[in-house]
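Got a structure here, written out as structure tokens. Questions coming.
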Amino acid sequence: MPVRFTPLMKPRLTRRAREMIERSLPHFPELQGKTITVGYTRKHLGSATVIYRRGSISALVIRLKVRKLNYQTIGHELIHLVQGLAHGDRSKSRIIDRQSIPSGEKQCDVWTLARDPLFCDDPPTYLRMPRILRERWSDYAESVRELCIAAIAQRGTQRRYIQWLEAKIKGLPVNKPVEKQEPRQLLLPLE
């Protein structure tokens, strides 16, 4: 899928950021054949916009903060584009498929984490979870991802699947925090 970088993004785009974007895109087959414009933002970690002209989708745009960029943010913004595509053109009557990703920030976090382990490198922004899970995300990422997959499976029969998910996340066993040791001065023998 073609990617176009805005003039504001081009001078800020690092090799690392470009590789992260390119590595993320294959996980979004819904965007195949679409041109994605990648811009820069200073205010947020990222944003996504589906642009309409005369009722039809004319552009898909994500904006990313290159500094401290992570896969979770890239995936989250790409899921927003998938959400926008599910709504389709405004010129037609809207019939939303039950299998499509519902609109909303929390929904976006759930589907991003469930999409692939690649997007579990940083905690989600909108899902509620205890602080210790955010602080020790690498210890809990796999468990939270599995719960997200289970929540999506429950969506068909349970309307309040996000509340169910957040309760399950809150109920994850929290191990006793590891005590931080003060750094010690190394002693070097003098000759």
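Computed from the coordinates I sent, mean projected area of the Cα convex hull in nm² equals one of (i) 15.9; (ii) 13.0; (iii) 11.0. Tell me the label.
Only one option fits the structure, namely (i).
For a quick size check, give me the Cα extents of segment 1-81 along its three principal axes, largest first, whole Å.
36, 24, 18
Can you sort Tyr40, Tyr126, Tyr140 so the residue with the fewest Cβ neighbours within 10 Å comes first?
Working: Tyr40 18, Tyr126 13, Tyr140 23.
Result, fewest neighbours first: Tyr126, Tyr40, Tyr140.
Please state the charge dipole magnitude for segment 1-148, taken about the Cα centre, from unit charges on C-beta atoms (+1 on K and R, -1 on D and E), reported in debye and rounded to the nearest 20.
For this selection, approximately 820 debye.
Using each residue's phi in segment 120-130, evaluate 6.51 cos²θ - 1.76 cosθ + 1.60 at θ = phi - 60° and report the 3J(HN,Hα) Karplus result to the nearest Hz, with x for Gly and Pro.
9, 7, 8, x, x, 7, 9, 5, 6, 7, x
Another one. Counting other Cβ atoms within 10 Å, which trypsin sites (Lys or Arg not before Pro) in segment 14-84 have at most 15 and lie in a DSSP loop?
Passing sites in segment 14-84 are Lys34, Arg42, Lys43, Arg54, Arg67, Lys68.
Where a number appears in this text, it was derived from the coordinates with a stated rule and is not lab data. Computed from a predicted model, the values in this text were never measured in an experiment. Cβ: placed from backbone, ideal geometry, glycine included. Neighbour counts: every protein chain shown.
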